[in-house]
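This report concerns only the one structure given below.
Read the figures in this text as sums done on the coordinates, not as results from a lab. Remember, it's a predicted structure, so these values are computed and weren't measured experimentally. Cβ atoms come from the backbone with ideal geometry, glycine included; neighbour counts cover every protein chain shown.
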Amino acid sequence: MAKNALLEIRRSLEPHVGQKIMLRANGGRRKTIERSGVLEETYPSVFIVKLDQEQHAFKRVSYSYADILTESVEVTVCEDAGQVRISYVQQ
């Protein structure tokens, strides 16, 4: 079941490659890290985000689909019509 959930999360991210996204990640000890960038690529286990250069010291970050599944990372896709949050809801 978990493998299907990860595949579903990956499939929901794939159409948004090249689009601007907002990331909210758990930084530990009650810290929340917010980053913005472009969804650069999706791989079988991870996805890569190219960060906005003027705001961040790193150029790219990667997260696993399990991070979204466990709600350690929240991904919001910024579109012209509004924002779309990528998450997994158990059925």
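Between Val17 and Glu41, the modelled label-to-label distance comes to 0.9 nm, taking each label 7 Å out from Cα in the direction of the beta carbon.
With everything on Cα atoms, drop me the angle between helix 2-13 and the longest principal axis of the chain, reported from 0 to 90° to the nearest 10. For 2-13 against the chain, the angle is about 40 degrees. The aspartates and glutamates whose alpha-carbon is closer than 18 Å to the alpha-carbon of Lys59, local same-chain residues fewer than 8 away aside, are Glu34, Glu40, Glu41. Its Cα gyration tensor gives the chain an equivalent ellipsoid. The semi-axes, each the square root of 5 times an eigenvalue, are 20, 16, 13 Å from largest down. Each label was represented as a point 7 Å from its Cα along the Cα-to-Cβ direction; for Gln83 and Phe58 these points are 2.1 nm apart.
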